[in-house]
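A.B. asks: Below is a structure I'd like to ask you about.
The values are calculated or read from the model by the stated rules, or taken from the named source; none is laboratory data. Only a predicted model underlies this, so the values are computations on that prediction, with no experimental measurement involved. Neighbour counts run over all protein chains shown; Cβ positions are idealised from the backbone, glycine included.
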Amino acid sequence: MLKIFKKNIVKKKETQKLNNYFIIHGFLGFSNEGWLKWLEEYLNSRGQEVYNFDYPTPKNQTFENWSKILKEKLNKINQNSTFICYDIGCVFLVKFCLENNIQIKKVIFVSGYNNVVRDKFFYAINHKMYINNLKEFIKFCPERICIFSINDNIVPFKYLKQFAKTLKAKEVVYSNAGHFTIKDGYQEFYDILEFIDV
């Protein structure tokens, strides 16, 4: 009986899926910018499995093109996966999970928004990511955190607030962080570590 018990323990450990992390940049962004690259390096230094890709933007920025890139690691996405998403990368992830029926562990949205017009160029590039069933994502991710700032100079505060409210997310609101860019002082982002299980 003792030998059988030991074998069962080993089998359980072998089949257990480990935590991993995905970082998704935003509109006009890239994987090596500011605090996104810093976070990737921090997680790597702690021995974590991290995926941080470059998605085409603004040229060829479509939901389909971004999906092709993330689908390359579809077998790695599971209920122990944490996503850290920025800007348009936030609603992209929501749409990706809904369309592919993917359950994840946690998401941290930074400056996330949906259905923002702002100007013709902004809308022309980003509207392909927008969705009308945002709140359905609640069923796909039990822990949702939205970080945003009152003085965001890219996306009006009301849209950031609405995004978080619709998702019934934990709201972390800053008064003077802008859009969390390098110009706003966010080459690093130590505060976000409070919400990451490492």
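A.B. asks: If I filter the stretch 147-198 down to residues being surrounded by fewer than 16 Cβ atoms within 10 Å (Cβ to Cβ) and among the basic types (Lys, Arg), which single residue comes out as nearest to Val117 (Cα to Cα)?
C.D. replies: Filtering first and then ranking leaves Lys158.
A.B. asks: On the given criteria, is Glu40 crowded, with 17+ Cβ neighbours inside 10 Å, at pLDDT 95 or above and of a type in the set (D, E, K, R)?
C.D. replies: yes
A.B. asks: Among the residues of the stretch 156-198, what is the count of those that are in a helix (DSSP H, G or I) and of a type in the set (Ser, Thr, Tyr)?
C.D. replies: 3
A.B. asks: Let me ask something else about it. Mind listing just one residue for me: the one in the stretch 24-36 that is assigned to a loop (DSSP other than H, G, I, E, B) and aromatic (Phe, Trp, Tyr) and, of those, farthest from Tyr190 (Cα to Cα)?
C.D. replies: Looking at the filtered set, the residue picked out is Phe27.
A.B. asks: Now, a different point. Check off (1) out of contact with any helix residue (DSSP H, G or I) (no Cβ under 8 Å at 6 or more places or on another chain); (2) free of Cβ contacts under 8 Å to residues at least 60 places away in the same chain for Ile131 and give me the number that stays unchecked.
C.D. replies: Evaluating Ile131 over (1) out of contact with any helix residue (DSSP H, G or I) (no Cβ under 8 Å at 6 or more places or on another chain); (2) free of Cβ contacts under 8 Å to residues at least 60 places away in the same chain leaves (1) as the failure.
A.B. asks: Here's a follow-up. Scan the helices (runs of 4 or more DSSP H) fully inside the stretch 37-148 and keep the ones with 3 or more residues being closer than 26 Å to Glu194 by Cβ.
C.D. replies: Filter on the stretch 37-148 gives 88-100.
A.B. asks: Now for a different question. Which pairs do you get when a residue that is under 13 Å from Asn100 (Cβ atoms), found in the stretch 49-70, comes within reach of a residue that is at pLDDT 95 or above and aliphatic (A, V, I, L, M), reach meaning Cβ atoms under 6 angstrom, with the pair 6+ apart or on two chains?
C.D. replies: Correct list of pairs: Phe63/Met129.
A.B. asks: Let me ask something else. Got a sec? Which of Lys161, Lys183, Lys165 is closer than 24 Å to Glu41 by Cβ, of a type in the set (D, E, K, R) and without any contact (Cβ under 8 Å) to a residue 24 or more places away in the chain?
C.D. replies: Numbers: Lys161 fails: closer than 24 Å to Glu41 by Cβ; Lys165 fails: closer than 24 Å to Glu41 by Cβ.
On inspection, the qualifying residue turns out to be Lys183.
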